[in-house]
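Encoded as structure tokens, the structure appears first; notes follow it.
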Amino acid sequence: MKWFILAIGILSNASASVLIKMAMMAPRKFPSLSEPMAALSNWPFWLGLGLYGAAFLLYAAALARLPLNVAHPVLTAGAVAAVAMSSILIFREPFHWTTGAGILLVIAGVALITARVA
């Protein structure tokens, strides 16, 4: 259950980042002093903000079940890898070999950190 909570936290965090990116792209408008009400119709912004809140609560729940030196690297690295893959699949951002190598190294590092906890 502890790993499931952490996995859902990773998905919430990565999804929030993707939604905030969507919220900043045209034709949506970010809150501004000239048009403060435009922010109310920017649903990806508000959903992303809510998912960041959910990710925080899930992270707190994971910390109740896992050591900090395991939960934090897994959440952070998992979110980094998920966002990197999402940016390629959703936003068609370029994929360089260094991105793939970095993701593999991050996963390998987290696997080594968590090897004794699993």
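Since every read-out is calculated from the coordinates, none of them should be taken as a lab result. Computed from a prediction, not measured in an experiment: that's the story for all the values here. Here the Cβ is made from the backbone with ideal geometry for all residues, glycine too, and neighbour counts use every protein chain on show.
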Once the dipole of the chain is set up from charges on Cβ (+1 Lys and Arg, -1 Asp and Glu), the residue from the list 42, 79, 3 lying farthest towards its positive end is 3
Identify the trypsin sites (Lys or Arg not before Pro) of the stretch 14-118 meeting these criteria: DSSP loop state and at most 14 other C-beta atoms within 10 Å of the C-beta. 65, 92, 116
What's log10 of I(q)/I(0) for the stretch 35-96 at q = 0.29 Å⁻¹, Debye sum over Cα points only, no solvent? -1.12
Quick test of the membrane-span-like rule: which DSSP H helices of the chain reach at least 27 Å along their long axis (C-alpha atoms) with mean Kyte hydropathy at least 0.0? 2-23, 43-63, 68-89
Using Cα springs under 10 Å in a Gaussian network model of the chain, which residue among 12, 32, 86 shows the largest mean-square fluctuation? 32
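Could you work out the helix-only [θ] at 222 nm for the chain, with each DSSP H run of four or more residues adding -39,500 (n - 2.57) and the total divided by the number of residues, to the nearest 500 deg cm²/dmol?
The helix contribution divided over the chain gives -24500 deg cm²/dmol.
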Of all alpha-carbon pairs in the stretch 2-114, indicate the percentage at a distance above 26 angstrom. 29 percent
